[in-house]
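The values are calculated or read from the model by the stated rules, or taken from the named source; none is laboratory data. Only a predicted model underlies this, so the values are computations on that prediction, with no experimental measurement involved. Quick reminder, even Gly has a Cβ in these numbers, built from the backbone with ideal geometry, and neighbours come from all protein chains shown.
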Amino acid sequence: MTGFKATLKRLPGKHSLFWKLACLLIAFCLLMIWLSWSWGRYMEEQNAFLSSEARATLSGYAAGAELAWNKGGNAGVDAWLSTMGKHERTWLGVIGNDLQSLSSYPLTDKESQRLTFLRGLDWPVSRHAKGLPWLKIPFPGDPGAGSLVIELPRRFMPGQNQLFWRIVTNGVIPGLFTLLLCIGLYRLLIMPLNHLREQANAWRADQLSTRLSRDTTSRQDELGELGRAFDQMSERLQGTVALQQQMLRDLSHELRTPLSRLRVACDSEQDLTQLRERLGREVDGMQRLVEDTLQLAWLDTERAPLPKEDIQVQALWDMLRENACFESGWPPSRLQCELEADCWVRGNLNLLAQALENILRNAIRHSPQNGTVQLGGQREGDHWHLWLEDQGGGIDELELERIFAPFTRLDGSRPGDGGFGLGLSIARNAVQRQDGSLWAENTGQGLRVHMRLLAR
């Protein structure tokens, strides 16, 4: 019983392609069985029994024999048999209930012996019997008066087109139903696969904006899941390529300025000390730019699972605050934390530290003289909602989302002086890699950057 339950658990879901194929094949098999039984039975009847035309003709012969007997007796029967002999090249006889001939000519011993194996009009006719069957057809008006006995004319033998109907029954009709089965399998399997192939060919031709039809992606089976995965992969690939192209353009633009300043510095007649300081500053800026760009590219393309651990946000903030105070010269009192010691989140320590550090540096950079930066948060179910608020005056509402784009600087600062516009973009990617979210809003006094992270 346990093995049976385990087998049931391994069966595919109700929307699986397996059930569609199973239903299609079961319906095809049942249809073929029904066709074989019903159509075969019908054709057997058509090939074993006399046709309605033959029955009507033979019944008319019996009525003619009865009329001849009633009008002329033996002589009338003789005349009728003589006339019928000119139309039917077969044996005919008119007998009474005593199996004796009603004509003037008595039956021979051989003919009398055949009278013991007579068939009716409604009897099946075997094609395997030797010779033509003999039929007994009673008079339609008075069956007790006599009957017509006739050797069945060959043209009335059933099953004349038996070979044709066998070909139709055993070949043409099963072939048509098999063709319908193939059409069903084609629509069920091949057409979605063709769409997927066209999608792959479009990718090969750098047409990353191509998407599958709704007929494919709306399916609830495995092919529908594959189609949706294709579309998601296409969107992901398109976004990655667009980001890389944009980053390449922005990076080349950002490097052009310090390279130009380096050339000017090299061509100038500054003393060696000033030249070294200038070169060092420009090289440091370019190195920071390249490192930030590479890290942003890695965060956007890397999808391997990150190691996660429990992180106390208050302890992380104390470390970042110490570094920020050293770099900016701010006193610790201006970097406030309202979080308690029970604020623990689940994530990657390095990425979370970098994200929070970039947000903190951005807040310090845009804060006024003697301004403060404050870290707060609250527990919301299985998540911690954290926010970092400055007093920099905020930004335009239309720019709240654009600040997270790479190489975005809203203050019009010279490249490298206030950063390269990569900090918030790196922070968002780092938070999203930890199944979190990052966004910003204006508070009236400054900018508040929100983070939503998984709680411990």
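Evaluate the following for Asp382: is it under 51 Å from the mean Cα position of the chain (by Cα) and loosely packed, with under 14 Cβ neighbours inside 10 Å? Don't jump to the end; show me each part of the working.
Details: under 51 Å from the mean Cα position of the chain (by Cα): yes; loosely packed, with under 14 Cβ neighbours inside 10 Å: yes.
Here the answer is yes, as Asp382 does meet what is asked.
Does region 368-378 include one or more residues that are crowded, with 19+ Cβ neighbours inside 10 Å, out of contact with any Leu (no Cβ under 8 Å at 6 or more places or on another chain) and either of a type in the set (Gly, Ala, Ser) or at pLDDT 90 or above (or both)?
No: region 368-378 contains no residue that is crowded, with 19+ Cβ neighbours inside 10 Å, out of contact with any Leu (no Cβ under 8 Å at 6 or more places or on another chain) and either of a type in the set (Gly, Ala, Ser) or at pLDDT 90 or above (or both).
For region 209-235, name all the residues that are among the aliphatic types (A, V, I, L, M) and out of contact with any His (no Cβ under 8 Å at 6 or more places or on another chain). Spell out how you get there, then give the answer.
As a first pass, look at region 209-235 and keep what is among the aliphatic types (A, V, I, L, M): 212, 223, 226, 229, 233.
Answer for region 209-235, where residues must be among the aliphatic types (A, V, I, L, M) and out of contact with any His (no Cβ under 8 Å at 6 or more places or on another chain): Leu223, Leu226, Ala229, Met233.
Just for region 39-55: of the residues that are surrounded by fewer than 12 Cβ atoms within 10 Å (Cβ to Cβ) and at pLDDT 80 or above, which one is farthest from the chain's Cα centre (by Cα)?
Only one residue tops the list, namely Glu53.
If only one of Arg187, Arg236, Arg261 is among the basic types (Lys, Arg) and exposed (fewer than 13 other Cβ atoms within 10 Å of the Cβ), which one is it?
None of the others qualify; the one that does is Arg187.
Does Asn323 satisfy the criteria of being in contact with a helix residue (DSSP H, G or I) (Cβ under 8 Å, 6 or more places away or on another chain) and not hydrophobic (A, V, I, L, M, F, W, C)?
Working: in contact with a helix residue (DSSP H, G or I) (Cβ under 8 Å, 6 or more places away or on another chain): yes; not hydrophobic (A, V, I, L, M, F, W, C): yes.
When the stated conditions are applied, Asn323 passes them.
From the list Leu99, Leu50, Leu107, which residue is on the phi > 0 side of the Ramachandran plot and either of a type in the set (Gly, Ala, Ser) or assigned to a loop (DSSP other than H, G, I, E, B) (or both)?
Exactly one of Leu99, Leu50, Leu107 is on the phi > 0 side of the Ramachandran plot and either of a type in the set (Gly, Ala, Ser) or assigned to a loop (DSSP other than H, G, I, E, B) (or both), namely Leu99.
Could you run through region 431-452 and say how many residues are hydrophobic (A, V, I, L, M, F, W, C), more than 35 Å from the chain's Cα centre (by Cα) and crowded, with 18+ Cβ neighbours inside 10 Å?
4
State all residues of region 90-110 that are in contact (Cβ under 8 Å) with a residue 24 or more places away in the chain and farther than 13 Å from Ile137 by Cβ; if no residue qualifies, say none.
Within region 90-110, Thr90, Trp91, Gly96, Asn97, Leu102, Ser103, Ser104, Tyr105 qualify.
For residues in region 318-344 being closer than 13 Å to Gly377 by Cβ and of a type in the set (D, E, K, R), which is surrounded by the most Cβ atoms within 10 Å (Cβ to Cβ)?
Once the filter is applied, the top-ranked residue is Glu338.
Taking region 201-210 as the search range and keeping residues that are surrounded by 13 or more Cβ atoms within 10 Å (Cβ to Cβ) and in contact (Cβ under 8 Å) with a residue 24 or more places away in the chain, which one is nearest to the chain's Cα centre (by Cα)?
Filtering first and then ranking leaves Thr210.
Considering region 385-401 alone, what residues qualify as being within 42 Å of the chain's Cα centre (by Cα) and free of Cβ contacts under 8 Å to residues at least 60 places away in the same chain?
Those that are within 42 Å of the chain's Cα centre (by Cα) and free of Cβ contacts under 8 Å to residues at least 60 places away in the same chain: Glu397, Leu398, Glu399, Leu400, Glu401.
Could you figure out which of (1) closer than 30 Å to Leu121 by Cβ; (2) modelled with pLDDT of 80 or more isn't true of Val172?
Tallying (1) closer than 30 Å to Leu121 by Cβ; (2) modelled with pLDDT of 80 or more, Val172 fails exactly one: (1).
Residue by residue, here is whether (1) modelled with pLDDT under 85; (2) touching a helix residue (DSSP H, G or I) at 6+ places or on another chain (Cβ under 6 Å); (3) within 30 Å of Ala229 (Cβ to Cβ) holds:
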{"site": "Ser101", "(1), (2), (3)": "no, no, no"}
{"site": "Thr108", "(1), (2), (3)": "yes, no, no"}
{"site": "Leu115", "(1), (2), (3)": "yes, no, no"}
{"site": "Leu132", "(1), (2), (3)": "yes, no, no"}
{"site": "Leu148", "(1), (2), (3)": "no, yes, no"}
{"site": "Pro158", "(1), (2), (3)": "yes, yes, no"}
{"site": "Gln162", "(1), (2), (3)": "yes, yes, no"}
{"site": "Trp203", "(1), (2), (3)": "yes, no, yes"}
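Could you grab the pairs with beta carbons closer than 9 Å, sequence gap of 6+ or different chains, first residue in region 184-198 and part of a helix (DSSP H, G or I), second one among the β-branched types (Val, Ile, Thr)?
Met191/Thr216; Pro192/Thr216; His195/Thr216; Leu196/Thr216; Glu198/Thr210
Return the pair list, or none, for Cβ contacts closer than 6 Å from residues in region 346-360 that are of a type in the set (Asp, Glu) to residues that are at pLDDT 90 or above, at least 6 apart or on different chains.
Hits for this filter: Glu357/Leu320.
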